[in-house]
There are 4 protein chains.
Amino acid sequence: MTEKISVYSRDKMDLMQRLKRIEGQVRGLQRMIGEDVYCVDILVQVAAVRAALTKVGLNLLESHTRGCVARAVKEDRGDEAIDEVMEVIMKFIK
Amino acid sequence: MTEKISVYSRDKMDLMQRLKRIEGQVRGLQRMIGEDVYCVDILVQVAAVRAALTKVGLNLLESHTRGCVARAVKEDRGDEAIDEVMEVIMKFIK
Amino acid sequence: MTEKISVYSRDKMDLMQRLKRIEGQVRGLQRMIGEDVYCVDILVQVAAVRAALTKVGLNLLESHTRGCVARAVKEDRGDEAIDEVMEVIMKFIK
Amino acid sequence: MTEKISVYSRDKMDLMQRLKRIEGQVRGLQRMIGEDVYCVDILVQVAAVRAALTKVGLNLLESHTRGCVARAVKEDRGDEAIDEVMEVIMKFIK
């Protein structure tokens, strides 16, 4: 149990750090627009921030699957949990 | 058990039908190229076939999660099954 | 002019070959489903076919931009051509 | 000319506003993680922020194509401009 909690806290800290960095990158994008940086350079940076956000989504998805979904499956409530996770995956894959 | 098998067969038949249709669409794309159809119309059709293929991927992913992953979780081999499924999800989300 | 046509024919032949290969891969997927291959292996292959189709889309998009869009821009009909191409790009990026 | 500049400024203001909103959403995500909000709700929000960022990318891409790329095409430097824009599009479509 203790180990589980600490794993979860580590995941949380990692997510927080990633989101802090993404917040800084989004501010950086505003600065680039303000300073009339060449649009292609801004676009490359938008793609990088988007990729960083996708990584956050994948990490959250993984810890959700390992935690809540696995628990639901063990407690025979797996079907709804899987419906729910499939729906959220569809928001990322199109 | 019987019900599970029949659900699985139904899924298989549905996937087969979707793939048959996609095969026809891919042949249709070759015809469009051969007949010099306007590129934007071909592109719209490529996007449609790609979406159909994505749907096949999502359906397979769902039945894999409901079947193999859920079974692995119940038999306490969930971790590897989830690693594997996350890796394949990453091939679709980028 | 002659050179332009030959470049276009080369693009067409390349697209045709790619689509032929994709058609074969889609048939391969049907075979995999029929033979009850492990779902994750099928999913990996679905992702590969999807990536191949995306490449076809990108190649078509590039030759459309270099050909039709560039010509439209030179003839001062660029705005509609760009509207149209942006709309089709949105079908691929979501 | 004047009109062109004002269109560009309007685009810039719109991008700035979108990025300000995205920055707020990214801070909101950190709050959600801190408050242990249910992971699926966070994931839905990550997908929404990602979609908002994609929209910023598409808008930038459109104004870049209408501006820099179209100008390059008219000045017979279209090829490099199109190479560059295709490369950046590939960072969004995969």
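Annotations for the structure displayed:
- Segments classed as helices (runs of 4 or more DSSP H), wholly inside chain C, with at least 1 members that are more than 10 Å from chain B (Cβ to nearest Cβ) and more than 19 Å from the chain's Cα centre (by Cα): C:2-34, C:70-74, C:78-92
- Only one of A:83, A:79 that is acidic (Asp, Glu) and over 23 Å from residue B:76 (Cβ atoms): A:83
- Test: residue in region A:25-39 that is aliphatic (A, V, I, L, M) and over 30 Å from residue D:82 (Cβ atoms): no
- Within the option set D:20, D:74, being of a type outside the set (Asp, Glu), surrounded by fewer than 17 Cβ atoms within 10 Å (Cβ to Cβ) and closer than 18 Å to residue A:37 by Cβ holds for one residue only, D:20.
We did not get these values from a lab; they are worked out from the coordinates using the rules stated. What you see is a predicted model; the values in this text were computed from it and never measured. Backbone-built Cβ (ideal geometry, glycine too); neighbour counts: all protein chains shown.
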